[in-house]
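Structure record follows, encoded as structure tokens.
The values are calculated or read from the model by the stated rules, or taken from the named source; none is laboratory data. Treat the numbers as computed from the prediction; the structure is a model and nothing was measured. Here the Cβ positions follow ideal geometry from the backbone for every residue, glycine too, while neighbour counts run over all protein chains shown.
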Amino acid sequence: MTVLQTVMLVLVILSGTAVALISEPLHQVLVLAIYGFALTLLFFCLQAPDVALSELVVSGVGLPLIILATLRKLAERRDREDA
Amino acid sequence: MSTRARLLVFGLGGVALAAVLALGLGGLPAFGHYHGVYGRRVAQIELGARHATDYVTALNFDLRAFDTLGEEFILFGSVTGVALLLRALREDARHELARTLEEHSFAGASEALRLTALLLIPMLTTLGIYLALHGALTPGGGFQAGVVLAAGPMVILLAGRYLALKQIAPDWILEAADSAGAAAYTLVGLGGLIFSAVFFRNFLGLGTPGQLLSAGMMPVNSAAVAIEVCGAFLLTWTEFLDQSLLVRR
């Protein structure tokens with residue numbers, strides 16, 4: 001395993017742990033996007049560019065988008081129930 | 001269950017898991033030394049048999065095209081489920097939807113964001129089309145192309161013009177793309193059945209390796225899957241965004 005692959009693996013471990021340990025969902029979404037990007041770099045360093053392409057868009061655009069839309073809907077409903 | 005009891009259960013399970021992991025990881029071959037037979041066989045025969053230079057796409061869309069058929073219909077079924085559920089929620093609020101279309105509010109995108117969005121849209125669309133057509137030649141293929149193509153129009157949301165996105169990608173276009181892609185992929189498989197006596201066996205000419213129109217049915221499959229995945233992802237995203245931005249209940 002080369003140095004670059006080891007560094008990428010450590011980045012994935014750190015960002016994955018960060019996603020799990022953050023409690024606020026909005027912050028978690030942003031760290032999730034960073035985790036997806038770290039995974040993309042890891043796949044690229046492991047010589048799997050097809051997987052890296054899919055992972056980049058799905059985890060960087062797709063997943064945060066639907067989570068943010070859901071969070072906004074829930075916040076709106078909570079505000080309306082409080083008002 | 002109290003926190004202490006939960007931590008105790010985790011402690012026991014964690015120790016057992018660590019022991020099994022250590023035993024298992026110890027017996028693995030060295031990193032980078034592949035011991036399988038199938039991969040080597042594919043690497044030997046693939047270029048001569050299918051004239052494709054991207055072996056991953058060759059596996060996805062020709063050698064194991066049947067598995068990809070299952071994956072495409074998993075995507076199709078799950079997007080249908082999401083659309084069913086979220087539209088059922090929207091049915092009761094239809095009169096509110098008509099009103100909120102005029103009152104649609106967005107925090108407002110800065111000029112820099114709008115300029116970036118304007119630059120990103122053609123780049124992403126071109127990249128998606130390139131990935132779809134060059135599936136058999138370079139890393140990429142149908143699914144990657146589909147998600148990049150779907151991310152293109154989504155950039156319009158970044159620029160603060162969600163309603164413009166609804167106008168260029170209304171529901172019926174996305175549904176048509178989703179269904180047409182899935183149907184086209186199945187029809188290519190049936191073409192294999194009709195013209196080569198085996199479901200999903202290649203029946204188109206193989207061409208010269210490295211040229212755009214080569215590798216038989218792989219570009220066709222790749223394009224069909226790209227259209228389906230683009231429609232499926234855009235449909236899911238616009239359904240979620242409709243619920244959070246347009247529907248008020």
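Specify the residue that is farthest from the chain's Cα centre (by Cα); the eligible residues are those in segment B:133-147 that are more than 7 Å from chain A (Cβ to nearest Cβ) and within 14 Å of B:Thr68 (Cβ to Cβ). If you could, list the steps in order and put the result at the bottom.
The initial filter retains those residues of segment B:133-147 that are more than 7 Å from chain A (Cβ to nearest Cβ), namely B:133-138, B:142, B:145-146.
Cutting the leftovers down to within 14 Å of B:Thr68 (Cβ to Cβ) gives us B:135-136, B:142, B:145-146.
Details: B:Gly135: 14, B:Ala136: 17, B:Gly142: 8, B:Ala145: 8, B:Gly146: 5 Å.
Filtering segment B:133-147 for residues that are more than 7 Å from chain A (Cβ to nearest Cβ) and within 14 Å of B:Thr68 (Cβ to Cβ), the one farthest from the chain's Cα centre (by Cα) comes out as B:Ala136.
For segment A:63-78, how many residues meet the condition of being β-branched (Val, Ile, Thr) and more than 8 Å from chain B (Cβ to nearest Cβ)?
1
Please find, among A:Val51, A:Val58, the residue that is under 25 Å from B:Phe143 (Cα atoms), under 10 Å from the mean Cα position of the chain (by Cα) and either assigned to a helix (DSSP H, G or I) or small (Gly, Ala, Ser) (or both).
A:Val58
Could you tell me which residue of segment B:148-171 is nearest to the other protein chains (Cβ to nearest Cβ), considering only residues that are touching a residue at least 40 places away in the same chain (Cβ under 8 Å) and within 30 Å of B:His51 (Cβ to Cβ)?
Looking at residues that are touching a residue at least 40 places away in the same chain (Cβ under 8 Å) and within 30 Å of B:His51 (Cβ to Cβ), I get B:Ala150.
To keep it simple, each residue is scored yes or no on (1) in contact with a Pro (Cβ under 9 Å, 6 or more places away or on another chain); (2) in a loop (DSSP other than H, G, I, E, B).
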residue: B:Leu137; (1), (2): yes, yes
residue: B:Leu174; (1), (2): no, no
residue: B:Val198; (1), (2): no, yes
residue: B:Phe203; (1), (2): no, yes
residue: B:Gly207; (1), (2): no, yes
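When the residues of segment B:183-197 are narrowed to those that are of a type outside the set (A, V, I, L, M, F, W, C) and closer than 14 Å to B:Glu72 by Cβ, which ends up surrounded by the most Cβ atoms within 10 Å (Cβ to Cβ)? It would help to see each step written out before you state the result.
As a first pass, look at segment B:183-197 and keep what is of a type outside the set (A, V, I, L, M, F, W, C): B:185-186, B:189, B:191-192, B:196.
When the remaining residues are screened for being closer than 14 Å to B:Glu72 by Cβ, the result is B:185-186, B:189.
On the way: B:Tyr185: 26, B:Thr186: 16, B:Gly189: 19.
Selected residue: B:Tyr185.
Against the conditions (1) under 29 Å from B:Thr116 (Cβ atoms); (2) within 19 Å of the chain's Cα centre (by Cα); (3) surrounded by 18 or more Cβ atoms within 10 Å (Cβ to Cβ); (4) of a type in the set (A, V, I, L, M, F, W, C), where does B:Ala224 fall short? Just the number, please.
The number of the failed condition is (1).
For the condition more than 30 Å from B:Trp237 (Cα to Cα) and either surrounded by 13 or more Cβ atoms within 10 Å (Cβ to Cβ) or hydroxyl-bearing (Ser, Thr, Tyr) (or both), what is the one hit in B:Ala49, B:Ala30?
B:Ala49
What residue, of B:Leu59, B:Leu84, B:Leu7, B:Leu21, is surrounded by 10 or more Cβ atoms within 10 Å (Cβ to Cβ), under 26 Å from A:Leu9 (Cβ atoms) and more than 14 Å from chain A (Cβ to nearest Cβ)?
Working: B:Leu59 fails: more than 14 Å from chain A (Cβ to nearest Cβ); B:Leu84 fails: under 26 Å from A:Leu9 (Cβ atoms); B:Leu7 fails: under 26 Å from A:Leu9 (Cβ atoms).
Going through B:Leu59, B:Leu84, B:Leu7, B:Leu21 in turn, just one is surrounded by 10 or more Cβ atoms within 10 Å (Cβ to Cβ), under 26 Å from A:Leu9 (Cβ atoms) and more than 14 Å from chain A (Cβ to nearest Cβ): B:Leu21.
When you go through B:Glu239, B:Glu228, B:Glu175 one by one, which is the residue that is within 11 Å of chain A (Cβ to nearest Cβ) and acidic (Asp, Glu)?
B:Glu239
Which numbered condition in (1) within 11 Å of another protein chain (Cβ to nearest Cβ); (2) closer than 24 Å to B:Phe233 by Cβ is the only one that A:Gly36 fails?
(1)
Is it fair to say A:Val19 is more than 21 Å from B:Gln243 (Cα to Cα), at the interface with chain B (Cβ under 9 Å from one of its Cβ atoms) and part of a helix (DSSP H, G or I)? Let's see the steps before the verdict.
Values: more than 21 Å from B:Gln243 (Cα to Cα): yes; at the interface with chain B (Cβ under 9 Å from one of its Cβ atoms): no; part of a helix (DSSP H, G or I): yes.
Criteria not met by A:Val19.
If B:Gly181 passes every condition in (1) assigned to a helix (DSSP H, G or I); (2) at positive phi but one, which one does it miss?
(2)
Conditions tested, residue by residue: (1) crowded, with 21+ Cβ neighbours inside 10 Å; (2) closer than 19 Å to B:Gly128 by Cα; (3) of a type in the set (Val, Ile, Thr).
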residue: B:Ile173; (1), (2), (3): no, yes, yes
residue: B:Met218; (1), (2), (3): yes, yes, no
residue: B:Cys230; (1), (2), (3): yes, yes, no
residue: B:Leu234; (1), (2), (3): yes, yes, no
residue: B:Phe240; (1), (2), (3): no, no, no
residue: B:Ser244; (1), (2), (3): no, no, no
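When B:Val225 is evaluated against the numbered criteria (1) among the aliphatic types (A, V, I, L, M); (2) within 24 Å of B:Leu127 (Cβ to Cβ); (3) at pLDDT below 90, which criterion, by number, is the only one it fails?
Single failed check for B:Val225: (3).
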